[in-house]
């Protein structure tokens, strides 16, 4: 305790350590697959109480998932006790529209008497994982969460990180917590059931992170664009692993995993993407919005003299090559100044927008010329 | 990335560092007091957006608090911008009964456009701080929270720690997060407005932590019991600082601040205290319930042969000396097995109950003899 005149002070200081595995596999629920059993073993040599929550959209295309869960649990009775039937929750963005799903899950957690050492195993897309994560992160101040992302976006981005959230009061991701998962098990087999639009969505995040971080990865995506456009596993799977790995590295090595200070998430192109999703009431999905946002901020980077014309053309080529449209009528309704202000508030502190100073080289700027940005929006429209 | 047969794995690993000051002072809102200005300065050399939330019960006895806040802010305009008038929230346990207060605060935070670098300054008792903490911990995944606890219990225990919570689905503290504050400013002047019952409540936590951790502190409490019974500042203030300091040390040095593993909070006597509060619908306050719980588990420790009769008598003497009654008719309604099970669930994992193996020496046991515990409840009743 230090004393200085009329104030005495105790300085509290400690660190909280987190560690979790992010696995890539196939047939994760196959009783012989060691990935999930290893996860439960990491929780101690006990028989663990587990509640499985699954995405309704997924159950619709994979009705045998319920059997697979039962088979897995009965093959691993020494490790796993299912506390009840699989809880189905609404899939896609509706899962995180307000607190309906979260409240329902918190109530189920309470009813089953789950404790902080029990497990929630969440199987679904990014939005479902976000909502389940918020419920798991707040019940008893945090129950162990194993995420099994079933979309490309979930596996290479949202599902491997340390955040959860739901939309509230008309703002995307307004409520949430930082709550690292107990483990992430990415099962590539789930991708086979996805529609083209969902598959494509996840490619946008890979292009985004490659552009700001990893020129070699961008060149690979460029070279693989036809295989990616056809969603060939030989191109999709390495793309997912590399993208997830860059995200994990950013969290680990960035020095500020919970973004207390000026640490920035990998959100190139996201300020407009967030608004576009809201403006079109979800008609433009997150991946599509990110592709548009990346195109817009790349164009702005070029017009600001940061990026060469050649690099810009290559970015457009990759995005269009994998099947994104680089314009949407909804863009015309974008209030640029308001969107930037909402983004600033979302980040906290002063505005910081990522631009490109080359392929693989993101740079932060503190100001955006709204008039120039408007011209970029118009130019994307004319181009289309 | 490691490969083992059909699973490849990336191991994510990082630490999150927390540091915050816990200050003890008087007249914290006096423009000349450096405590709060130093807190805001720690947030950066900017002008900070601040929303003040205050306990209605406190405002009723300290109507000049609103003026004091305004005076403070106008004397420190370089540091502080009040985004709106002080938000008054219902005081005492009703603040954390369900999510009403939390929802209201989240909405106010959204309306004022607070960001992750903005401040909530919460002035009130432990329950108010808990509810404000949950709102601050979840809006934008965490807004900076400065706690100004105004009760003894808030200043020496609940207000200095890393948790927040509200009651939900009939369970105490069922929803919450681990969210260390940005700073804690304990202003002793607030204690002058407290009724005797509130003042006494905080002494129970000091007796509790002394009993399990610090024999010298227990002897001091014992020696000071008449001054404590009269709530003399010369006895109360060192008691508060010492008790807060033991709590902070437990969090810092315990190795598991967020209680992921087997780390235990300092909750001697709490398994029955939690139930008694619920059973009596709050008629027995938290401090009174803790005093009863401490008496009960001390008696049980004695009957189990862990504690000497002399030590037990001394514990009863201190608790009664500072004014606690060691029986309540509500105790008769206590379902011991059910209360232990709920406590186990709340902690997570297997049951672990703190008993005493001497003054200042807490020990953990994994089982309670319910029949013997019932006899202890009866014995407390007969004693009264």
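The values are calculated or read from the model by the stated rules, or taken from the named source; none is laboratory data. From a predicted model like this one, the values you see are computed outputs, not experimental measurements. Because the Cβ atoms are built from the backbone with ideal geometry, glycine has one as well, and the counts that use them run over all protein chains shown.
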Meets criteria (within 19 Å of residue A:291 (Cβ to Cβ) and out of contact with any helix residue (DSSP H, G or I) (no Cβ under 8 Å at 6 or more places or on another chain)) for residue A:213: no
Residue under evaluation residue A:184, criteria (1) in contact with a strand residue (DSSP E or B) (Cβ under 8 Å, 6 or more places away or on another chain); (2) within 14 Å of chain B (Cβ to nearest Cβ); (3) part of a helix (DSSP H, G or I), criterion not met: (3)
Filter result for residue B:6 (closer than 30 Å to residue A:148 by Cβ, within 13 Å of chain A (Cβ to nearest Cβ), touching a strand residue (DSSP E or B) at 6+ places or on another chain (Cβ under 9 Å) and surrounded by fewer than 21 Cβ atoms within 10 Å (Cβ to Cβ)): yes
Extreme residue, farthest from residue A:115 (Cα to Cα), among residues of region A:45-64 that are surrounded by 14 or more Cβ atoms within 10 Å (Cβ to Cβ) and more than 23 Å from the chain's Cα centre (by Cα): A:46
Residue count, region B:251-264 (criterion: assigned to a helix (DSSP H, G or I) and in contact (Cβ under 8 Å) with a residue 40 or more places away in the chain): 1
Out of B:340, B:351, sole residue that is farther than 17 Å from residue B:208 by Cβ and either in the same structural domain as residue B:173 (by TED's automatic domain parsing) or touching a strand residue (DSSP E or B) at 6+ places or on another chain (Cβ under 8 Å) (or both): B:340
Test: residue in region B:326-335 that is surrounded by 13 or more Cβ atoms within 10 Å (Cβ to Cβ), at negative phi and in a helix (DSSP H, G or I): yes
Number of the exception - residue A:233 against (1) under 30 Å from residue B:15 (Cβ atoms); (2) not assigned by TED's automatic domain parsing to the domain that holds residue A:55: (1)
Within region B:192-207, considering residues that are in contact with a helix residue (DSSP H, G or I) (Cβ under 8 Å, 6 or more places away or on another chain) and free of Cβ contacts under 8 Å to residues at least 60 places away in the same chain, the one farthest from residue B:313 (Cα to Cα): B:194
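Please pick out the residue among A:133, A:176, A:159, A:124 that is over 24 Å from residue A:59 (Cα atoms), crowded, with 22+ Cβ neighbours inside 10 Å and under 16 Å from the mean Cα position of the chain (by Cα).
One residue alone meets the criteria, A:176.
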Given (1) modelled with pLDDT of 95 or more; (2) in a strand (DSSP E or B); (3) more than 25 Å from the chain's Cα centre (by Cα), index of the condition residue B:22 fails: (3)
Residue within region A:367-374 that is within 14 Å of chain B (Cβ to nearest Cβ) and either closer than 27 Å to residue A:171 by Cβ or in a helix (DSSP H, G or I) (or both) present: no
Filter result for residue B:340 (within 14 Å of another protein chain (Cβ to nearest Cβ), surrounded by 14 or more Cβ atoms within 10 Å (Cβ to Cβ) and in contact with a helix residue (DSSP H, G or I) (Cβ under 8 Å, 6 or more places away or on another chain)): yes
Residues within region B:134-162 that are within 11 Å of chain A (Cβ to nearest Cβ) and out of contact with any strand residue (DSSP E or B) (no Cβ under 6 Å at 6 or more places or on another chain), tallied: 6
Residue A:173 modelled with pLDDT of 95 or more and not in a helix (DSSP H, G or I): no
Checklist (1) in a helix (DSSP H, G or I); (2) in contact (Cβ under 8 Å) with a residue 24 or more places away in the chain; (3) over 30 Å from residue A:352 (Cβ atoms) applied to residue B:134, failing item: (3)
Subset of region A:129-148 [touching a helix residue (DSSP H, G or I) at 6+ places or on another chain (Cβ under 9 Å) and under 20 Å from residue A:35 (Cβ atoms)]: A:129, A:132, A:136, A:144, A:145, A:146, A:147, A:148
Where residue B:245 falls short, out of the listed (1) in contact with a helix residue (DSSP H, G or I) (Cβ under 7 Å, 6 or more places away or on another chain); (2) in a helix (DSSP H, G or I); (3) at pLDDT 95 or above: (1)
Candidates A:66, A:99, A:121, A:82 - the one that is in contact (Cβ under 8 Å) with a residue 40 or more places away in the chain and more than 13 Å from chain B (Cβ to nearest Cβ): A:121
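Within region A:224-242, work out how many residues are without any contact (Cβ under 8 Å) to a residue 24 or more places away in the chain and either at positive phi or in a loop (DSSP other than H, G, I, E, B) (or both).
Number satisfying all stated conditions: 3.
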Of all residues in region A:28-51 being under 29 Å from residue A:193 (Cα atoms) and touching a helix residue (DSSP H, G or I) at 6+ places or on another chain (Cβ under 6 Å), the one that is nearest to the other protein chains (Cβ to nearest Cβ): A:28
Odd one out for residue A:161 among (1) in contact with a helix residue (DSSP H, G or I) (Cβ under 7 Å, 6 or more places away or on another chain); (2) more than 26 Å from residue B:106 (Cα to Cα); (3) in contact (Cβ under 8 Å) with a residue 40 or more places away in the chain: (2)
